[in-house]
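Participant: Pasting a structure below so you can have a look.
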Amino acid sequence: MKKILSLILLLSIVFSFVSCDNEESKSKKTSASKKSSNSDEKNFVTPEFLTDADWGYYDSEISEKINISFYEDGTFFYCCDCGEPVGDSDIYDRYSYNEQKNEIILYACEGSDLYVPVVYCDEFCLVLEIYGEIVDFENYNMKVFEETEQTKPFLEDHLASITILEYDIENGIITAAPANYDADAKKSFEDKITQLYTVEEPQINYLTVTVENDVQTELIYAKVAEEDYQYIGEYYDVARIKFNADHKIESILFYGYTQIYTKEEDEDVKG
């Protein structure tokens, strides 16, 4: 009887060790799977259009520039010049770009990640849908337009700059290129031409600034007459645009400078 009990006890110990080994093996596999998943998340896609720019906009309410910064190592910051984060953006410290969905993924230190659609982007402007709002950022390394205290109120809501090549009014489609589009070098812009959509009746205005001998003499802000829509893409081409929540253009502002120099200045320059 004692031999039988000893044998039963021995078998129980053996089964106990086998069970522990299996649990430990499962635990190691689960741990390895988690580590693999985390490693995949750290394969950040950091395209040059995000990293090679100084993206920001001026917030007139706090009189400071707001910066959104994407770095090659996958780090991310969204804050004002003073360092104060915008909203709860400080909980997101890494990012990656999903080219197929054209969106930026902001990885959270805790909680859920944030998915940020890219509405429009070229080397001059970046338009994002972030925190449920459409936000326009300018590339401060390559600012297109000169601004003055007089023009700033008209321009601050239209930061995205484009060249309109064609406007299909009936279907609400704009064929657009970057603001520095050069028709004489159109081949170099072929991969940068895109189609954007407008609301049914977008606001279309123009802002013209006359500068004489480096002094602003006149500023005209007016609505483009409907009979002149046929000239959009020809006489009216360089514009600043504003998107709505559906990523459609709701407002177009054509903007340009007219420089005037006196004959005496011309002669001075020649001399």
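Please treat every number below as a calculation from the coordinates, not as lab data. Bear in mind the structure is a predicted one, so any value in this text is a computation, not a measurement. Cβ sites come from the backbone with ideal geometry, for glycine too, and all protein chains shown count toward neighbours.
Participant: Could you go through segment 131-139 in sequence order and give the Karplus-derived ³J(HN,Hα) for each residue, using 6.51 cos²θ - 1.76 cosθ + 1.60 with θ = phi - 60°, rounded to whole Hz, and x for Gly and Pro?
Facilitator: Per-residue couplings from phi come out as 6, x, 10, 8, 10, 9, 10, 9, 8 Hz.
Participant: Over segment 152-264, consider all pairs of different Cα atoms and compute the Kirkwood hydrodynamic radius from their mean reciprocal separation; express it in Å, one decimal.
Facilitator: Values: mean 1/r = 0.0664 Å⁻¹.
It works out to 15.1 Å.
Participant: Filter the trypsin sites (Lys or Arg not before Pro) in segment 43-105 to those in DSSP coil with at most 13 other Cβ atoms within 10 Å of their Cβ, and list the result. Intermediate values should be presented prior to the final figure.
Facilitator: Values: sites: LYS65, ARG94, LYS101; in loops: LYS101.
Passing both the DSSP loop test and the Cβ count: LYS101.
Participant: Now for a separate question. For segment 178-243, which GluC sites (Glu not before Pro) are both in a DSSP coil and crowded by at most 12 other Cβ atoms within 10 Å? Working shown, then result.
Facilitator: On the way: sites: GLU190, GLU200, GLU212, GLU218, GLU226, GLU227, GLU234; in loops: GLU234.
Listed in order of number, the matching sites are GLU234.
Participant: In whole Å, what is the distance between the alpha-carbon centres of segment 74-117 and segment 219-265?
Facilitator: Between the Cα centres of segment 74-117 and segment 219-265 lies a distance of 34 Å.
Participant: Give me the extension gain from CYS80 to HIS247: residue separation times 0.36 nm, minus the current Cα-Cα distance, reported in nm with one decimal.
Facilitator: On the way: separation 167, 0.36 × 167 = 60.12 nm, distance 2.51 nm.
Full-extension gain reported as 57.6 nm.
Participant: Another question, then. Using unit Cβ charges (K, R positive; D, E negative) and no other charged atoms, how large, in debye to the nearest 20, is the dipole of segment 152-264 about its Cα centre? Don't skip to the answer; put the middle values down first.
Facilitator: Working: 9 positive and 22 negative charges, 74 e Å.
Dipole of segment 152-264, to the nearest 20 debye: 360 debye.
Participant: Just need the relative contact order of segment 168-271 here, percent rounded to a whole number, with Cα pairs under 8 Å and 6+ apart.
Facilitator: Values: 142 pairs, mean separation 29.0, N = 104.
The value is 28 percent.
Participant: So how strong a dipole does segment 70-193 carry about its Cα centre when Lys and Arg Cβ are +1 and Asp and Glu Cβ are -1, to the nearest 20 debye?
Facilitator: Numbers: 7 positive and 29 negative charges, 59 e Å.
About 280 debye.
Participant: So which of LYS152/LYS248; LYS143/LYS223; LYS65/LYS186; LYS152/LYS186 end up more than 28 Å apart, counting from Cα to Cα?
Facilitator: Details: LYS152/LYS248 23 Å; LYS143/LYS223 25 Å; LYS65/LYS186 34 Å; LYS152/LYS186 31 Å.
Result: LYS65/LYS186; LYS152/LYS186 exceed 28 Å.
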